[in-house]
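Shown next, in structure tokens, is the structure this report addresses.
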Amino acid sequence: MTLPIYKIEESGGHLIKMLIYGPPGVGKTTLATSAHEDSRSSPVLVFNIEGGLLSISNKGVDVFDYKNWSNVNDLLRFLVSDANKYKTLVVDSLSELQVKNLEQVVDTAVKGSNRRKSQDDIWQDDYGTSTNQMRRFVRAIRDLPMHVIMTCHESSLEKEGLTSTYPALTPKLRASVIGYMDIVGYMYTKEVSNNVVRRLLCQPTGNFVAKDRTPGGRLGVTMDKPTMKSILNKITGEKDA
């Protein structure tokens, strides 16, 4: 019996599977689309769910707009086809995609049942259906032979005087997505010597969720002024130019 054994370095071991979350306007989309600046991760396709692409209007990336869940499946079929020329997929944002998916799940249920009063009549089963569909989507793009970078809003919960900050997804989906990704980074701004610096937290610190599954945690605890090129360089051991 022959087993399909391979070396990680020969099978896409440096492909980034990453979730970036944080407050609005902090630069999550800009960081994700900076992948276009490096030949290892360019060209880039942005799956645009939110519509706020002004910050990357001059980046030279291609965009595919969300219309409904059917064209999500169209995107997946394209990405696994021979026509896919892209090295990086950016999903902007996963939080908004979950909202839109739940809306579509409820809309389908309302049309198929006279027991539903309106689209605001959301049942617990709807959340389960939406979570399952979203999990399948995230697993499918995670398994693509390309870099996958997803953005997400932040959410906070105060309990017993402590505030926890994490990606803005429903609890069950959030746990799954964090498990699927190799890197989960919290992006924020920090004032350093009277300058505002964008910073990426890559290790769980305090009450912030973060994750770095690279060998030995190569990204460190934080990265200042991060780009996808600098992230790739840290993973591969190359120096920034």
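What follows draws every value from the coordinates through simple rules; no lab data is involved. Note that the structure is a prediction, hence the values are computed from the model and not measured. Here the Cβ positions follow ideal geometry from the backbone for every residue, glycine too, while neighbour counts run over all protein chains shown.
Observations
- Cα long-axis angle, helix 94-111 against the chain (0 to 90 degrees, to the nearest 10): 10
- Tilt relative to the chain, helix 171-180 - C-alpha long axis, 0 to 90 degrees, to 10: 40
- Residues of the range 201-226 falling in the label zone of LYS239, defined by backbone nitrogen less than 20 Å from a point 7 Å along Cα to beta-carbon, are 218-220, 224-226.
- Most tightly packed first, judged by the mean number of other beta-carbon atoms within 10 Å of their residues, the peptides 169-177, 70-78 read 169-177, 70-78.
- Chain lengthening between THR163 and ASP143 when straightened (0.36 nm per residue, less Cα-Cα): 3.9 nm
- Percent RCO, i.e. relative contact order, over the chain, from Cα pairs under 8 Å lying at least 6 residues apart: 25
- This ranking places GLU103, GLU238 by how few other beta-carbon atoms lie within 10 Å of each, fewest first, which gives GLU238, GLU103.
- Rounded to 5, the percent of DSSP beta bridges in the range 8-236 classed as antiparallel: 45
- Global geometry of the range 8-236, whether rounded, prolate or oblate, following the gyration tensor of its Cα atoms and the 1.5 cut on a/c: oblate
- Net charge dipole, the range 8-236: roughly 260 debye, given to the nearest 20, about the Cα centre with Cβ charges of +1 for Lys and Arg and -1 for Asp and Glu.
- For the range 62-114, size of Cβ-based charge dipole, Lys and Arg +1, Asp and Glu -1, in debye: 140
- Computed FRET value (nearest 0.05) for ASP62 with ARG135, which takes r as the C-beta separation and R₀ as 25 Å: 0.40
- The chain: angle of helix 69-79 to the longest principal axis, Cα-based, in degrees nearest 10: 40
- Mean ellipticity per residue at 222 nm, deg cm²/dmol - from DSSP H runs of n ≥ 4 across the chain, formula -39500 (n - 2.57): -9500 deg cm²/dmol
- Taking a ≥ b ≥ c as the square roots of the eigenvalues of the alpha-carbon gyration tensor, the range 197-241 is classed oblate because a/c is 1.5 or more while a/b is no larger than b/c.
- Rounded Å value of the spacing that divides the Cα centres of the range 58-93 and the range 141-175: 21
- Placing R0 at 51 angstrom, the Cβ-Cβ distance between ALA83 and VAL192 gives a FRET efficiency of 0.70 after rounding to 0.05.
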